[in-house]
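Reviewing the structure listed below.
The values are calculated or read from the model by the stated rules, or taken from the named source; none is laboratory data. Here the structure is a predicted model, which means the values were calculated and not measured. Because the Cβ atoms are built from the backbone with ideal geometry, glycine has one as well, and the counts that use them run over all protein chains shown. Side chains are part of the model used for accessible areas, which takes the heavy atoms of the whole protein and leaves out ligands, DNA and RNA. Shrake-Rupley method; radii C 1.70, N 1.55, O 1.52, S 1.80 Å.
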Amino acid sequence: MTGGLKDGDTEEEFLHSPFIRKQGNIYKPNNKDMDNDSLNEKTMEDVHTKEIDLVNRDPKHINDDVVKVDFEDVIAEPAGTYSFDGVWKASFTTFTVTKYWCYRLLTALVGIPLALIWGIFFAILSFLHIWAVVPCVKSYLIEIHCVSRVYSICVHTFCDPLFEAMGKCLSSIRIRTTKEV
């Protein structure tokens, strides 16, 4: 069960090969989940070097509720009060291009510093959650467990007999209601 010579192996091959258990090598076990060493090996993705999608930049749809403003959402001419077609087209183009380039300019100037600030913020938040919040909550739960046992003993010792006695005393009270017409 712990290894040894397999059928057809010689003593010399066994001395130079890695230790093989009957279940398989500890790094590549012979089970159905991890067959085909190189084909099905699961590799851990490094979040720092993963490729980003430049086409779908909101894959989790976190900005679906953000205001998505198009020209038609802001400027509309009711029937009967139309401007010149050229003015309408120029207004549409001006609005769209201005919005596009202002957004790009603002992200170029402010996006990287804000990304740095948000990265620091979420790093601090993660650090505090891992090293302060969770240990405090666990400590609280351990301590409150002791307090709850003492509280439970006090309730069962002092309150239960009192309420049982009051229940027996008041159990013979009957209330009858009648409706008079």
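Here are the numbers:
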quantity	calculated
Residue-span extension gain [GLU143 to ALA76] - 0.36 nm each, minus C-alpha spacing	17.7 nm
Exposure of LYS138 as accessible area (Å², to 10), given a probe of 1.4 Å and all protein chains	120 Å²
FRET efficiency for PHE95 and ILE117, using Cβ-Cβ distance with R0 set to 41 Å, rounded to 0.05	0.85
Relative compactness, the stretch 71-172, computed as alpha-carbon Rg over 2.2 N^0.38 Å	2.67
Karplus-derived HN-Hα couplings along the stretch 121-126 (A = 6.51, B = -1.76, C = 1.60, θ = phi - 60°), whole Hz, x at Gly and Pro	4, 6, 5, 5, 4, 5
Karplus-derived 3J(HN,Hα), 6.51/-1.76/1.60, for each residue of the stretch 90-105, Hz, glycine and proline x	5, 5, 4, 5, 4, 4, 5, 5, 5, 4, 4, 6, 5, 4, 5, 5
Cα-projected label distance for LEU170 with ASP53, points at 7 Å along beta-carbon direction, nm	6.4 nm
